[in-house]
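Have a look at the structure below before the remarks.
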């Protein structure tokens with residue numbers, strides 16, 4: 001068996017500090033204030049794909065790591081989607097994600113390492129639109145396959161997706177949040193070979209979605225239903241229905257050795273009906289949410305050689 005490649009080792013080195021004990025706090029400083037229950041801000045692809053009209057704190061920069069540990073046993077490569085979200089103010093955010101992959105050192109066949117797809121976009125949350133119980137946002141994302149990734153890692157298509165999402169938080173049932181949205185997907189072919197997903201449009205399409213989040217603090221139940229069609233904006237007449245329930249667990253600090261990194265573990269079921277027939281799949285995700293300040297503190301500690 002060959003040893004993991006240098007890219008995999010580098011990833012392990014970068015990720016391992018988030019699993020260690022919390023950094024020593026300044027003894028002279030004031031005690032920390034009680035933390036608020038975590039909120040679902042960024043989407044978790046494969047479990048919860050809607051980009052809600054929510055933003056991180058203004059002026060913050062967040063790094064998101066989504067290692068697919070299930071690839072260790074199923075693929076010759078390991079996907080490590082890595083993203084960043086920069087919140088300029090109360091209304092505007094820029095975000096980007098790279099679909100990185102690393103050679104699986106536990107498999108004989110190798111696919112090397114690199115980046116197979118890049119996504120970049122912007123989200124604007126309308127201030128005080130409608131009424132206090134409602135929020136709305138407009139987002140625009142561009143997705144482009146790059147390099148020479150494994151053929152099943154990307155669909156080989158360029159995507160430009162504007163979307164409008166409306167969220168309602170009930171004052172009567174504060175744990176319940178409902179949402180709905182409308183989006184377009186403008187598709188063009190790229191020079192990268194790919195494999196279209198099951199029951200996913202391979203041409204221009206429009207979609208509507210609706211769902212709910214039931215918030216139990218560290219645990220959040222989500223339900224997302226969507227309908228997509230190519231009839232009005234594409235050349236074909238394909239209709240796709242999907243239903244996706246999931247459970248998201250924001251791991252408490254005591255289970256991550258008091259790490260300041262927010263870890264999210266999720267499980268879900270994805271059901272679709274479309275031109276490829278009826279399909280059911282299950283999935284799990286692990287995501288690390290790291291602020292730029294935490295990264296800077298880690299780097300300072302790593303290069304502090306004073307005794």
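Which strands (runs of 3 or more DSSP E) sit wholly inside the range 50-115 and have at least 3 residues that are in contact (Cβ under 8 Å) with a residue 40 or more places away in the chain and within 30 Å of residue 166 (Cβ to Cβ)?
61-65
Could you say which residue among 230, 271 is over 20 Å from the mean Cα position of the chain (by Cα), under 27 Å from residue 186 (Cβ atoms) and surrounded by 14 or more Cβ atoms within 10 Å (Cβ to Cβ)?
Criteria check complete, one pass: 230.
Look through the range 278-292, keep the residues that are surrounded by fewer than 16 Cβ atoms within 10 Å (Cβ to Cβ) and either modelled with pLDDT under 95 or over 23 Å from residue 225 (Cβ atoms) (or both), and return whichever of them is nearest to the chain's Cα centre (by Cα). Give the steps one after another, and end with the answer.
Restricting attention to the range 278-292, the residues satisfying the condition of being surrounded by fewer than 16 Cβ atoms within 10 Å (Cβ to Cβ) are 278-282, 284, 292.
Now restrict to residues that are either modelled with pLDDT under 95 or over 23 Å from residue 225 (Cβ atoms) (or both): 281-282, 284, 292.
Working: 281: 18, 282: 17, 284: 12, 292: 17 Å.
Checked the range 278-292; the qualifying residue nearest to the chain's Cα centre (by Cα) is 284.
Let me spell it out: the conditions are (1) in a strand (DSSP E or B); (2) in contact (Cβ under 8 Å) with a residue 60 or more places away in the chain, and residue 198 meets all of them except one. Which number is the exception?
(1)
Restricting the search to the range 202-257, which residues are in a loop (DSSP other than H, G, I, E, B), over 20 Å from residue 276 (Cβ atoms), out of contact with any strand residue (DSSP E or B) (no Cβ under 9 Å at 6 or more places or on another chain) and free of Cβ contacts under 8 Å to residues at least 60 places away in the same chain?
Result: 252, single match.
Go through 134, 138, 182 for me and flag whichever is within 28 Å of residue 243 (Cβ to Cβ), exposed (fewer than 14 other Cβ atoms within 10 Å of the Cβ) and in contact with a strand residue (DSSP E or B) (Cβ under 9 Å, 6 or more places away or on another chain).
Details: 134 fails: exposed (fewer than 14 other Cβ atoms within 10 Å of the Cβ); 138 fails: exposed (fewer than 14 other Cβ atoms within 10 Å of the Cβ).
Sole residue among the options that is within 28 Å of residue 243 (Cβ to Cβ), exposed (fewer than 14 other Cβ atoms within 10 Å of the Cβ) and in contact with a strand residue (DSSP E or B) (Cβ under 9 Å, 6 or more places away or on another chain): 182.
The values are calculated or read from the model by the stated rules, or taken from the named source; none is laboratory data. Source: prediction; values computed, not measured. In this analysis, Cβ positions are derived from the backbone assuming ideal geometry, glycine residues included, and neighbour counts consider all displayed protein chains.
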